[in-house]
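Visitor: Submitted below is the structure of interest, expressed as C-alpha coordinates.
The values are calculated or read from the model by the stated rules, or taken from the named source; none is laboratory data. From a predicted model like this one, the values you see are computed outputs, not experimental measurements. With ideal geometry, Cβ positions are generated from the backbone for all residues, glycine too; neighbour counts draw on all protein chains shown. Remember, those area values only see protein heavy atoms, side chains included, never the ligands or the DNA or RNA. Shrake-Rupley method; radii C 1.70, N 1.55, O 1.52, S 1.80 Å.
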Amino acid sequence: MKLCMEGIFKNFKNKEVLKGIDTTLENGVYGLLGPNGAGKTTLIRILAGVMEPSQGKVLIDGRDKSTCDDEYRSRIGYLPQDVSYYTDFTGRDYLRFAAALKGLEKGYAEKQIEKLADSVGLSDDLHRNCAVYSGGMKRRLGIAQALLNEPEILILDEPTTGLDPHERIKFRNIISAFSKDRLVLLSTHIVPDVESIAKEIMMMEYGTIGRKCTAEEYISQIDGFVWTAMVPMEQLVEFQKNVVISNVVPRGDMMEVRVIDEKKPSSDAKNTTPNLEDAYLYVFNYLKGGAA
Ligand SMILES: Nc1ncnc2c1ncn2[C@@H]1O[C@H](COP(=O)(O)OP(=O)(O)OP(=O)(O)O)[C@@H](O)[C@H]1O
Ligand SMILES: [Mg+2]
(Lines give C-alpha, C1' and ligand atoms only; values in the text may rest on other atoms or scores of the structure.)
(Ligands and ions follow the chains in the order given, each with its own letter.)
Protein backbone atom coordinates (compact mmCIF):
# COMPACT_ATOMS: atom_id res chain seq x y z
CA MET A 1 0.00 0.00 0.00
CA LYS A 2 1.39 3.35 -1.06
CA LEU A 3 -0.37 6.64 -0.37
CA CYS A 4 1.27 9.46 -2.24
CA MET A 5 0.53 13.18 -1.86
CA GLU A 6 1.60 15.30 -4.79
CA GLY A 7 1.71 19.10 -4.56
CA ILE A 8 -1.32 19.43 -2.27
CA PHE A 9 -2.54 22.96 -1.67
CA LYS A 10 -5.72 24.02 0.10
CA ASN A 11 -7.15 27.51 0.28
CA PHE A 12 -10.16 28.71 2.21
CA LYS A 13 -11.12 31.93 0.45
CA ASN A 14 -7.85 33.92 0.55
CA LYS A 15 -6.26 31.85 3.24
CA GLU A 16 -3.68 29.29 2.11
CA VAL A 17 -3.89 26.51 4.69
CA LEU A 18 -1.87 23.79 2.92
CA LYS A 19 1.15 25.02 1.01
CA GLY A 20 2.41 22.16 -1.10
CA ILE A 21 2.48 18.79 0.61
CA ASP A 22 4.62 16.20 -1.18
CA THR A 23 5.16 12.96 0.65
CA THR A 24 4.63 9.21 0.36
CA LEU A 25 3.37 6.92 3.09
CA GLU A 26 3.65 3.13 3.03
CA ASN A 27 2.53 0.45 5.48
CA GLY A 28 3.23 1.26 9.12
CA VAL A 29 2.22 3.92 11.61
CA TYR A 30 2.88 7.60 10.83
CA GLY A 31 2.44 10.40 13.34
CA LEU A 32 1.41 13.90 12.31
CA LEU A 33 2.49 16.41 14.93
CA GLY A 34 2.05 20.13 14.89
CA PRO A 35 0.61 23.08 16.80
CA ASN A 36 -3.02 24.25 16.62
CA GLY A 37 -3.93 25.51 13.19
CA ALA A 38 -0.95 23.86 11.45
CA GLY A 39 -3.27 22.24 8.89
CA LYS A 40 -3.30 18.66 10.22
CA THR A 41 -7.08 18.22 10.10
CA THR A 42 -7.27 19.83 6.66
CA LEU A 43 -4.71 17.37 5.28
CA ILE A 44 -6.38 14.45 7.03
CA ARG A 45 -9.80 15.39 5.64
CA ILE A 46 -8.36 15.47 2.13
CA LEU A 47 -6.77 12.05 2.65
CA ALA A 48 -10.01 10.70 4.12
CA GLY A 49 -11.85 11.85 1.00
CA VAL A 50 -14.23 14.27 2.72
CA MET A 51 -12.59 17.37 1.24
CA GLU A 52 -10.97 18.12 -2.11
CA PRO A 53 -7.60 19.86 -2.39
CA SER A 54 -7.47 23.21 -4.22
CA GLN A 55 -4.51 21.84 -6.15
CA GLY A 56 -2.55 18.60 -6.31
CA LYS A 57 -3.55 14.99 -6.01
CA VAL A 58 -3.59 11.91 -3.82
CA LEU A 59 -2.42 8.65 -5.41
CA ILE A 60 -3.15 5.18 -4.05
CA ASP A 61 -0.73 2.59 -5.36
CA GLY A 62 -0.11 4.95 -8.26
CA ARG A 63 -3.81 5.55 -9.09
CA ASP A 64 -5.36 8.99 -8.78
CA LYS A 65 -7.82 8.85 -5.85
CA SER A 66 -10.37 10.95 -7.71
CA THR A 67 -10.72 8.15 -10.31
CA CYS A 68 -11.49 5.48 -7.70
CA ASP A 69 -13.26 7.29 -4.84
CA ASP A 70 -15.81 4.54 -4.10
CA GLU A 71 -13.21 1.81 -3.97
CA TYR A 72 -10.95 4.05 -1.88
CA ARG A 73 -13.71 4.69 0.64
CA SER A 74 -14.17 0.96 1.16
CA ARG A 75 -10.47 0.62 1.92
CA ILE A 76 -10.17 3.37 4.52
CA GLY A 77 -11.24 3.90 8.11
CA TYR A 78 -11.52 7.44 9.39
CA LEU A 79 -11.99 8.92 12.83
CA PRO A 80 -12.73 12.68 12.56
CA GLN A 81 -11.42 15.10 15.18
CA ASP A 82 -14.94 16.08 16.23
CA VAL A 83 -17.67 13.47 16.11
CA SER A 84 -21.24 14.21 17.07
CA TYR A 85 -23.40 11.24 17.97
CA TYR A 86 -27.13 10.91 17.49
CA THR A 87 -28.54 11.32 20.97
CA ASP A 88 -31.11 8.55 20.62
CA PHE A 89 -28.53 5.96 19.53
CA THR A 90 -27.01 3.33 21.76
CA GLY A 91 -23.35 2.45 21.15
CA ARG A 92 -24.49 -0.65 19.27
CA ASP A 93 -26.99 1.36 17.13
CA TYR A 94 -24.18 3.73 16.21
CA LEU A 95 -21.79 0.95 15.16
CA ARG A 96 -24.58 -0.80 13.20
CA PHE A 97 -25.38 2.47 11.46
CA ALA A 98 -21.68 3.05 10.60
CA ALA A 99 -21.40 -0.56 9.34
CA ALA A 100 -24.46 -0.05 7.09
CA LEU A 101 -22.95 3.16 5.67
CA LYS A 102 -19.79 1.24 4.91
CA GLY A 103 -21.91 -1.40 3.14
CA LEU A 104 -20.80 -4.25 5.41
CA GLU A 105 -22.68 -7.54 5.29
CA LYS A 106 -24.87 -7.91 8.42
CA GLY A 107 -23.38 -11.10 9.86
CA TYR A 108 -19.84 -9.84 9.36
CA ALA A 109 -20.80 -6.45 10.85
CA GLU A 110 -22.22 -8.06 14.01
CA LYS A 111 -19.02 -10.10 14.51
CA GLN A 112 -16.87 -7.01 13.99
CA ILE A 113 -19.00 -4.97 16.43
CA GLU A 114 -18.61 -7.56 19.20
CA LYS A 115 -14.88 -8.02 18.55
CA LEU A 116 -14.08 -4.31 18.40
CA ALA A 117 -16.29 -3.39 21.37
CA ASP A 118 -14.27 -5.92 23.33
CA SER A 119 -10.90 -4.58 22.17
CA VAL A 120 -11.81 -0.97 23.00
CA GLY A 121 -13.40 -2.02 26.31
CA LEU A 122 -17.01 -1.07 25.52
CA SER A 123 -18.71 -4.51 25.51
CA ASP A 124 -20.66 -3.80 28.71
CA ASP A 125 -21.77 -0.36 27.51
CA LEU A 126 -22.97 -1.01 23.96
CA HIS A 127 -26.61 -1.12 25.10
CA ARG A 128 -26.31 2.32 26.69
CA ASN A 129 -27.19 5.58 25.01
CA CYS A 130 -24.09 7.28 23.48
CA ALA A 131 -25.28 10.58 24.90
CA VAL A 132 -24.35 9.43 28.40
CA TYR A 133 -20.90 8.14 27.39
CA SER A 134 -17.88 9.93 28.86
CA GLY A 135 -15.49 11.76 26.49
CA GLY A 136 -13.09 8.79 26.55
CA MET A 137 -15.90 6.30 25.83
CA LYS A 138 -17.07 8.37 22.86
CA ARG A 139 -13.51 8.43 21.52
CA ARG A 140 -13.24 4.64 21.93
CA LEU A 141 -16.56 4.19 20.14
CA GLY A 142 -15.18 6.33 17.31
CA ILE A 143 -12.03 4.20 17.13
CA ALA A 144 -14.16 1.02 16.91
CA GLN A 145 -16.21 2.67 14.13
CA ALA A 146 -13.03 3.47 12.15
CA LEU A 147 -11.84 -0.14 12.42
CA LEU A 148 -15.17 -1.81 11.46
CA ASN A 149 -14.24 -2.59 7.85
CA GLU A 150 -10.68 -3.72 8.72
CA PRO A 151 -9.36 -0.86 6.60
CA GLU A 152 -6.06 -1.02 4.75
CA ILE A 153 -5.63 2.69 5.45
CA LEU A 154 -6.61 3.99 8.88
CA ILE A 155 -6.74 7.75 9.39
CA LEU A 156 -7.22 9.04 12.93
CA ASP A 157 -7.49 12.71 13.82
CA GLU A 158 -6.54 13.26 17.48
CA PRO A 159 -7.63 9.75 18.48
CA THR A 160 -6.42 9.96 22.08
CA THR A 161 -8.16 13.21 23.07
CA GLY A 162 -10.07 12.54 26.26
CA LEU A 163 -8.50 9.15 26.92
CA ASP A 164 -6.96 8.57 30.35
CA PRO A 165 -3.36 7.23 30.59
CA HIS A 166 -4.50 3.61 30.86
CA GLU A 167 -6.79 3.98 27.83
CA ARG A 168 -3.99 5.66 25.86
CA ILE A 169 -1.69 2.70 26.47
CA LYS A 170 -4.48 0.35 25.41
CA PHE A 171 -5.08 2.43 22.30
CA ARG A 172 -1.39 2.29 21.38
CA ASN A 173 -1.41 -1.48 21.71
CA ILE A 174 -4.55 -1.81 19.54
CA ILE A 175 -3.01 0.38 16.83
CA SER A 176 0.36 -1.39 16.97
CA ALA A 177 -1.28 -4.78 16.56
CA PHE A 178 -3.61 -3.50 13.83
CA SER A 179 -0.89 -1.75 11.82
CA LYS A 180 0.85 -4.88 10.59
CA ASP A 181 0.62 -4.76 6.78
CA ARG A 182 -1.56 -1.63 6.94
CA LEU A 183 -1.07 2.09 6.79
CA VAL A 184 -2.05 4.14 9.84
CA LEU A 185 -1.84 7.93 9.96
CA LEU A 186 -2.64 9.65 13.22
CA SER A 187 -2.49 13.26 14.22
CA THR A 188 -1.99 14.21 17.82
CA HIS A 189 -0.75 16.85 20.23
CA ILE A 190 0.30 14.15 22.67
CA VAL A 191 3.89 13.44 21.69
CA PRO A 192 4.40 10.20 23.70
CA ASP A 193 1.40 8.68 21.87
CA VAL A 194 3.40 8.47 18.67
CA GLU A 195 6.93 8.22 20.07
CA SER A 196 6.83 4.47 20.64
CA ILE A 197 4.59 3.27 17.81
CA ALA A 198 5.23 5.53 14.80
CA LYS A 199 7.60 4.35 12.11
CA GLU A 200 8.02 7.96 11.05
CA ILE A 201 6.80 11.29 12.40
CA MET A 202 5.90 14.31 10.32
CA MET A 203 6.18 17.70 11.96
CA MET A 204 3.78 20.15 10.38
CA GLU A 205 3.58 23.90 10.70
CA TYR A 206 1.87 26.63 8.67
CA GLY A 207 0.63 24.12 6.10
CA THR A 208 3.93 22.48 5.29
CA ILE A 209 5.61 19.32 6.49
CA GLY A 210 9.01 20.40 7.75
CA ARG A 211 10.49 16.98 8.34
CA LYS A 212 9.49 13.34 8.14
CA CYS A 213 11.76 10.94 9.97
CA THR A 214 11.97 8.48 12.84
CA ALA A 215 11.67 9.50 16.50
CA GLU A 216 15.32 8.43 16.94
CA GLU A 217 16.42 10.80 14.18
CA TYR A 218 14.56 13.74 15.74
CA ILE A 219 16.06 12.88 19.11
CA SER A 220 19.63 12.53 17.79
CA GLN A 221 19.26 15.96 16.17
CA ILE A 222 19.10 17.52 19.67
CA ASP A 223 21.76 15.40 21.33
CA GLY A 224 23.66 17.77 23.64
CA PHE A 225 20.90 20.42 23.62
CA VAL A 226 18.84 19.21 26.60
CA TRP A 227 19.92 20.26 30.08
CA THR A 228 18.84 20.09 33.68
CA ALA A 229 19.66 23.04 35.90
CA MET A 230 18.72 24.22 39.38
CA VAL A 231 17.12 27.67 39.56
CA PRO A 232 16.07 29.52 42.74
CA MET A 233 12.27 29.76 42.81
CA GLU A 234 12.26 33.56 42.74
CA GLN A 235 14.42 33.62 39.56
CA LEU A 236 12.30 31.16 37.58
CA VAL A 237 10.07 33.73 35.88
CA GLU A 238 13.10 35.70 34.61
CA PHE A 239 14.95 32.51 33.61
CA GLN A 240 11.91 31.30 31.61
CA LYS A 241 11.94 34.46 29.49
CA ASN A 242 15.24 33.53 27.86
CA VAL A 243 15.11 29.78 27.36
CA VAL A 244 12.73 27.02 26.28
CA ILE A 245 11.75 24.92 29.30
CA SER A 246 10.19 21.50 28.89
CA ASN A 247 9.65 20.63 32.55
CA VAL A 248 9.92 22.08 36.06
CA VAL A 249 10.14 20.03 39.28
CA PRO A 250 10.33 21.65 42.75
CA ARG A 251 13.36 20.49 44.81
CA GLY A 252 13.18 22.13 48.24
CA ASP A 253 13.33 25.89 47.66
CA MET A 254 14.96 25.40 44.26
CA MET A 255 13.41 24.40 40.93
CA GLU A 256 14.92 21.73 38.74
CA VAL A 257 14.28 22.81 35.16
CA ARG A 258 14.67 20.88 31.93
CA VAL A 259 15.93 23.25 29.27
CA ILE A 260 16.24 22.99 25.47
CA ASP A 261 19.15 25.11 24.30
CA GLU A 262 22.07 24.72 21.92
CA LYS A 263 24.24 26.51 24.51
CA LYS A 264 24.69 25.68 28.19
CA PRO A 265 21.95 27.77 29.85
CA SER A 266 23.68 28.23 33.25
CA SER A 267 27.01 27.31 34.84
CA ASP A 268 25.56 24.39 36.82
CA ALA A 269 23.52 22.93 33.91
CA LYS A 270 24.13 19.28 33.06
CA ASN A 271 23.34 17.53 29.79
CA THR A 272 20.55 14.98 29.97
CA THR A 273 19.10 12.36 27.60
CA PRO A 274 16.66 13.95 25.13
CA ASN A 275 13.22 12.59 24.23
CA LEU A 276 10.76 13.32 21.41
CA GLU A 277 8.90 15.96 23.43
CA ASP A 278 12.18 17.88 23.72
CA ALA A 279 12.65 17.53 19.94
CA TYR A 280 9.12 18.88 19.37
CA LEU A 281 9.88 21.91 21.54
CA TYR A 282 13.23 22.38 19.77
CA VAL A 283 11.50 22.47 16.35
CA PHE A 284 8.42 24.50 17.29
CA ASN A 285 9.71 26.76 20.08
CA TYR A 286 13.50 26.96 20.18
CA LEU A 287 14.17 27.27 16.42
CA LYS A 288 11.37 29.85 16.22
CA GLY A 289 13.16 31.87 18.87
CA GLY A 290 10.37 31.60 21.46
CA ALA A 291 10.89 30.75 25.10
CA ALA A 292 8.26 28.60 26.81
N1 LIG B 1 -13.62 25.15 6.53
C2 LIG B 1 -12.73 26.10 6.82
N3 LIG B 1 -12.93 27.38 6.43
C4 LIG B 1 -12.02 28.35 6.70
N5 LIG B 1 -10.85 28.13 7.37
C6 LIG B 1 -10.60 26.87 7.79
C7 LIG B 1 -11.53 25.80 7.54
N8 LIG B 1 -10.99 24.65 8.06
C9 LIG B 1 -9.81 25.01 8.61
N10 LIG B 1 -9.57 26.33 8.45
C11 LIG B 1 -8.38 27.07 8.92
O12 LIG B 1 -7.25 26.36 8.47
C13 LIG B 1 -6.21 26.39 9.44
C14 LIG B 1 -5.77 24.97 9.74
O15 LIG B 1 -6.82 24.31 10.41
P16 LIG B 1 -6.75 22.78 10.80
O17 LIG B 1 -8.02 22.44 11.50
O18 LIG B 1 -6.40 21.99 9.59
O19 LIG B 1 -5.51 22.77 11.81
P20 LIG B 1 -5.04 21.64 12.84
O21 LIG B 1 -3.56 21.52 12.66
O22 LIG B 1 -5.86 20.43 12.69
O23 LIG B 1 -5.32 22.34 14.25
P24 LIG B 1 -5.74 21.65 15.67
O25 LIG B 1 -4.46 21.14 16.25
O26 LIG B 1 -6.29 22.79 16.44
O27 LIG B 1 -6.74 20.58 15.40
C28 LIG B 1 -6.76 27.14 10.63
O29 LIG B 1 -6.30 28.46 10.58
C30 LIG B 1 -8.26 27.08 10.44
O31 LIG B 1 -8.88 28.21 10.98
MG1 LIG C 1 -7.04 19.36 13.93
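Visitor: Per-residue ellipticity at 222 nm for the chain, helices alone: DSSP H runs ≥ 4 residues times -39500 (n - 2.57), over residue total, nearest 500 deg cm²/dmol?
Guide: Rounded to the nearest 500, it is -9000 deg cm²/dmol.
Visitor: Sticking with this structure for a sec: Can you work out ³J(HN,Hα) from phi for every residue in region 144-155, in order, using Karplus 6.51 cos²θ - 1.76 cosθ + 1.60 and θ = phi - 60°, giving whole Hz and x for Gly and Pro?
Guide: Computed from phi, the couplings for region 144-155 are 4, 4, 5, 8, 3, 8, 6, x, 7, 10, 10, 10 Hz.
Visitor: Still on this model: Taking amide H atoms as placed 1.01 Å from N in the peptide plane, list the residues 5 or more away in sequence, or in a different chain, whose amide H sits under 5 Å from that of ILE201.
Guide: Hits under the 5 Å cutoff: GLY31, CYS213, THR214, ALA215.
Visitor: Another question, then. In whole Hz, what ³J(HN,Hα) sequence does region 48-53 give by Karplus (6.51, -1.76, 1.60; θ = phi - 60°), x for Gly and Pro?
Guide: 7, x, 9, 8, 9, x
Visitor: Now a separate question. Tell me the angle of helix 165-178 to the major Cα principal axis of the chain, expressed in degrees between 0 and 90 and rounded to the nearest ten.
Guide: 60
Visitor: Oh, and also: Quick one, can you get me the convex hull of the C-alpha atoms of region 220-286 expressed as volume per residue in Å³?
Guide: So the per-residue hull volume is 76 Å³.
Visitor: How large is ³J(HN,Hα), in whole Hz, for each residue of region 210-215 in order, when computed from phi with the Karplus curve 6.51 cos²θ - 1.76 cosθ + 1.60 and θ = phi - 60°, using x for Gly and Pro?
Guide: Result, ordered by residue: x, 9, 9, 7, 6, 4 Hz.
Visitor: Measure nothing fancy, just the Cα-based angle from helix 106-119's long axis to the longest principal axis of the chain, in degrees from 0 to 90, nearest 10.
Guide: 20
Visitor: Accessible area of region 3-213 with a 1.4 Å probe: how many percent of it is carbon plus sulfur?
Guide: 49
Visitor: Next question, about the same structure. If you average the alpha carbon positions of region 186-202 and of region 123-170, how far apart do those two centres end up, in angstrom?
Guide: Measuring centre to centre over Cα atoms gives 18 Å.
Visitor: Keeping all protein chains in place, calculate the accessible area per residue for region 3-213 (probe 1.4 angstrom), answer in Å².
Guide: It amounts to 45 Å² per residue over region 3-213.
Visitor: With a cut-off of at most 13 other beta carbons within 10 Å, and DSSP calling the residue loop, which GluC sites (Glu not before Pro) in region 80-138 qualify? Please list them.
Guide: GLU105
Visitor: Are there any trypsin sites (Lys or Arg not before Pro) in region 186-270 that are in a DSSP loop and have at most 12 other Cβ atoms within 10 Å? List them by number.
Guide: Listed in order of number, the matching sites are LYS263.
Visitor: Another question, then. Give me the extension gain from LEU236 to ARG75: residue separation times 0.36 nm, minus the current Cα-Cα distance, reported in nm with one decimal.
Guide: 52.7 nm is the gain from fully extending LEU236 to ARG75.
Visitor: Considering the chain, what Rg and Dmax in Å follow from its alpha-carbon atoms?
Guide: Radius of gyration, then largest Cα-Cα span, for the chain: 21.4, 68 Å.
Visitor: What's the angle, to the nearest 10 degrees (0 to 90), between helix 91-101's Cα axis and the longest principal axis of the chain?
Guide: With both axes taken from Cα atoms, the answer is about 70 degrees.
Visitor: While we're looking at this one, here's another question. Could you calculate the FRET efficiency of LYS288 with GLU217 from 1/(1 + (r/R0)^6), where r is the beta carbon distance between them and R0 is 22 Å, rounded to 0.05?
Guide: 0.65
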